[in-house]
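The values are calculated or read from the model by the stated rules, or taken from the named source; none is laboratory data. Note that the structure is predicted; figures quoted are calculated from it, not measured. Reconstructed Cβ throughout: ideal geometry from the backbone, glycine too, with neighbour counts over all protein chains shown.
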Amino acid sequence: MKNTLALKLTNKLNLTLSLKQQLKLLTLNHLQLKEEIKQELEENPFLEEVLNIEPDVFMPKDLAQGYYEEEEEKLSPLNRLAYKPSLIDVLEFQIDLEFDEKEKKIAYEIIGNLDEKGLISIPIEEIAEKLKIDVSEVEKIRRRVMRLEPAGIAAKTLEEALVVQYEEKFGENEKVERILKEDAFNLNEIDYLKHKYNLLDEELETIICSIKQLVPYPTFNFQESHTQYVEPDIYIYDLGDEFEIKINEWDIPKLKLTTQYRKLISRKDLPEETRKFLEAKLQKAIGIVKGIEQRRENLLKIAKALVEYQSEFLRKGKSYLKPLNLKDVAKKVDLHESTISRITSSKYAQTPIGLIPLKAFFATKISSVGTEGNISNEQVKALIKEIIEEEDKSKPLSDEAISKILRKEHKINIARRTVAKYREEMNIPGSRKRRIKL
C-alpha cells in the first residue's frame, strides 16, 4: 500500500464570535434587544451610537400622535403591557396550537405533573397507565412538550433540560450534548474537559460561553411574583385592501463600528494578550451590527409571510386560522426551520385583533381531512357551530349526522367522536338537550 498526500476541499461551518452573536440576536425580543445593545455600548470599545437630531427610525402610529406633547398618559397602553405570566397558561396556549385533540390530553397530563423546576415529577409509566395508552406514546408527546417554551420543560433531569435548551438556541452538537449530560457541573475544570472531549482552547471557550447563556432549569424565568413587560416587535395595520407591516425599532440605538481601536490592533508593539482581547471584541461588534440588520430583514420577511397567509385570521378571528407550521413558512421565505423558530420565539405583534405572540399565527392541521387538506381544527369547530345554529331545533342533528354533513358538503372527513369532542369543547350540549318542542 502506497502512502500519498492529497488536497481535499470540504465545507465546514466555523461558529465565529461574529456568527454566534448574530444567532443570539435573532432570539431576542424588542425589550431584550434594547438591553443587549445598551450593555454592549458600555462594554465594547468598537461600538458607538449614531446620534441623529431627526429620528429616522419607525415610530408606531399611536406613539407618534402624542410624541411631541411629552405626556406619558397619552401613550397607548398597548405599546407596553405588564403581566404576571402563568406557566400553565403559557404551556396550554402552545399545546392548543401544536397538538391535535388526542395528543392534547396527554400533553395536559404531562404539564399537570411538573415540579417547581419544570421537570416531570412522576414516571411516565404512571401517566400511560392512567390514560390507558402505551408508554412510548407518552414519551413521544413528552419529547415534543420539551420543545415548547420554556425549552426543556417536562424533562426528566436537569441535564436533559439543558441539552434541549442548548439545541433550541444554538442547534445540535454531539460534544456539547455529552458535556451537558456528563459534566454539566464541571464547567470550571478546563484541563479536565479539554482532555476528556479532545477540545481546543478556542472551541472549549465557545462551548462554555454558550452553555453559560442557558438558564439552570426550565422555570427559572417564570417566577409568579416577577412582573414581565412585553412590547410589540411588529406593528400590523389593516389598510383595507392590504396590510402594512412595520418593525418596531423605536428607541433601538443605531450602531456603527469605530475606527480608533481597529488602528490599535494593527500596531506591532501591542501585547498578544491585548490583541486577542480586542480582536474578540471586534468580532462581537461586527456580529451585533450585522445581527441587528439580519434580525430586521428576517423578521419582516417572516411577518409578511404570516400576514399574507393568515389575513382572514387577522380580520375575522381565531376560527379563520389556517393550518400552518414552521416547515411551511421556511419554504415560503427560504430560511431554515430553526431560524424561523428562533425569530418567532418570544416575540409579539400588535395587530387589529390585539397584541398576540407570533406563534399564534401557527396552527396544526386537523388529523383527518378530505381531499382539500387545508383546514385547521378551529375552522372545523366554527363549521360545527354553524351547522348546529342552522339545524331544525325540533329535530337537532346527532354527532354522526354532523360528521356526514362535513364529509359531504365540506370534504372534511372526521369521525363522530371527533365531532363530539369539538362540540363539548365549545360547551354545546348533545342533540337530546338541544331539542326544543314547538
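Structure values in brief
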| quantity | calculated |
| --- | --- |
| Within the range 252-365, helices (runs of 4 or more DSSP H) holding 3 or more residues that are of a type outside the set (Val, Ile, Thr) and farther than 30 Å from Glu101 by Cα | 260-265, 272-309 |
| Selected residue [closer than 24 Å to Leu300 by Cβ, at pLDDT below 85 and surrounded by fewer than 15 Cβ atoms within 10 Å (Cβ to Cβ)] from Asn52, Asn14, Asn79, Asn29 | Asn52 |
| Condition check for Lys175: in a helix (DSSP H, G or I), under 17 Å from Thr219 (Cα atoms) and modelled with pLDDT under 90 | no |
| Arg142 being assigned by TED's automatic domain parsing to the domain that holds Ile106, in contact with a strand residue (DSSP E or B) (Cβ under 9 Å, 6 or more places away or on another chain) and without any contact (Cβ under 8 Å) to a residue 60 or more places away in the chain | yes |
| Sole exception among (1) touching a helix residue (DSSP H, G or I) at 6+ places or on another chain (Cβ under 7 Å); (2) of a type outside the set (S, T, N, Q); (3) assigned by TED's automatic domain parsing to the domain that holds His30 for Lys194, by number | (3) |
| Hey, Lys194 surrounded by fewer than 16 Cβ atoms within 10 Å (Cβ to Cβ), in contact (Cβ under 8 Å) with a residue 24 or more places away in the chain and part of a helix (DSSP H, G or I) or not | no |
| Contacts under 6 angstrom Cβ, first residue in the range 246-257 being farther than 17 Å from Glu42 by Cβ, partner modelled with pLDDT under 85 and assigned to a loop (DSSP other than H, G, I, E, B), 6 or more apart | Lys246/Phe58; Glu249/Val57; Glu249/Phe58; Trp250/Met59 |
| Qualifying helices (runs of 4 or more DSSP H) (wholly inside the range 111-171; at least 1 residues being in contact with a Lys or Arg (Cβ under 8 Å, 6 or more places away or on another chain)) | 124-131, 158-170 |
| Filtered residues of the range 171-184 (kept if in contact with a helix residue (DSSP H, G or I) (Cβ under 9 Å, 6 or more places away or on another chain) and surrounded by fewer than 15 Cβ atoms within 10 Å (Cβ to Cβ)) | Gly171, Glu172, Lys175, Arg178, Lys181, Glu182 |
| Extreme residue, surrounded by the fewest Cβ atoms within 10 Å (Cβ to Cβ), among residues of the range 255-286 that are in contact with a helix residue (DSSP H, G or I) (Cβ under 9 Å, 6 or more places away or on another chain) and among the basic types (Lys, Arg) | Arg267 |
| Residues within the range 426-438 that are surrounded by 14 or more Cβ atoms within 10 Å (Cβ to Cβ) and closer than 10 Å to Ile384 by Cβ, tallied | 1 |
| Only one of Lys393, Lys421, Lys385, Lys411 that is in contact (Cβ under 8 Å) with a residue 40 or more places away in the chain and at positive phi | Lys411 |
| Any hit, the range 406-425, residues being under 30 Å from Lys304 (Cα atoms), under 15 Å from the mean Cα position of the chain (by Cα) and modelled with pLDDT under 85 | no |
| Any hit, the range 401-423, residues being assigned to a loop (DSSP other than H, G, I, E, B) and either in the same structural domain as Glu98 (by TED's automatic domain parsing) or exposed (fewer than 13 other Cβ atoms within 10 Å of the Cβ) (or both) | no |
